[in-house]
1. Checking the condition touching a helix residue (DSSP H, G or I) at 6+ places or on another chain (Cβ under 9 Å), farther than 30 Å from I12 by Cα and touching a residue at least 12 places away in the same chain (Cβ under 8 Å), which residue from I168, I125, I179 passes?
2. Six or more apart or on different chains, Cβ atoms under 8 Å: show the pairs whose first residue is in the stretch 71-100 and on the phi > 0 side of the Ramachandran plot and whose second is part of a helix (DSSP H, G or I).
3. Output the residues belonging to the stretch 1-11 that are surrounded by 17 or more Cβ atoms within 10 Å (Cβ to Cβ) and either at pLDDT 95 or above or over 17 Å from F60 (Cβ atoms) (or both).
4. Condition first: small (G, A, S) and open to solvent by 40 Å² or more (accessible area, probe 1.4 Å). Can you find one or more residues in the stretch 72-94 that meet it?
5. For E80, which of the numbered conditions (1) touching a Lys or Arg at 6+ places or on another chain (Cβ under 9 Å); (2) under 22 Å from Q177 (Cβ atoms) fails to hold?
Amino acid sequence: MARAGLDKETVIKRAAELANEVGIEKITLKLLAEKLKVQSPSLYNHIKGIEDLQKEIMLFGWKQMDQAMTDAAVCVSGYEALEAICRAFYQYATENPGVFNAMLWYNKFQSEEAQNATEGMFSMIYRVFSTLNISKENSDHLIRTYRGFLEGFALLVNNHAFGNPLSIEESFEISLQVIIAGTKALEREKVVF
């Protein structure tokens, strides 16, 4: 019988916290059960096993990331919105390193559910690109560019891979401005009537 007050949402949220504390690769059902003060078998009332738990952490992260990026884009547009979205992505990824590592697996769990978890975020970025007069084809390339930059930079930060004493935040901002400048170069000529 499941513990009173324990539901799937609580299990996933605590697992996400645990992923950030110890790393996604170190989570076991036994460890999670201990943190929730339940017996390991009771977790099966909410999840199918460790791979299902990892998938749920990944989905949880993408939903949280989508919300952070949406919140960042409120009341801003154009390049200001693009910068705000990028900063929100970076902040979420570096403040939630275990969840972020789980999020990087989303191609492994190719499903409609995984696709839906990232669809809102990508459609938001496409909408911003469309207001900047950037072609669909270039938008597709830019999605890869921004994704590579944001995911790569966050992974380097999360793994303490920057040894230089320079400010990491300043390096992020300079890099973001370089990518924004490159994006501006891809705008189609604006037709004046």
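The values are calculated or read from the model by the stated rules, or taken from the named source; none is laboratory data. Fair warning: this is a prediction, and the values are worked out from it, not measured in the lab. Neighbour counts run over all protein chains shown; Cβ positions are idealised from the backbone, glycine included. Calculation scope for accessible area: heavy atoms of the full protein, side chains included, ligands and nucleic acids excluded. Shrake-Rupley method; radii C 1.70, N 1.55, O 1.52, S 1.80 Å.
1. Residue meeting the stated conditions: I179.
2. Within 8 Å, the pairs are G78/V128; G78/T131.
3. V11
4. yes
5. Among (1) touching a Lys or Arg at 6+ places or on another chain (Cβ under 9 Å); (2) under 22 Å from Q177 (Cβ atoms), the lone unmet condition for E80 is (1).
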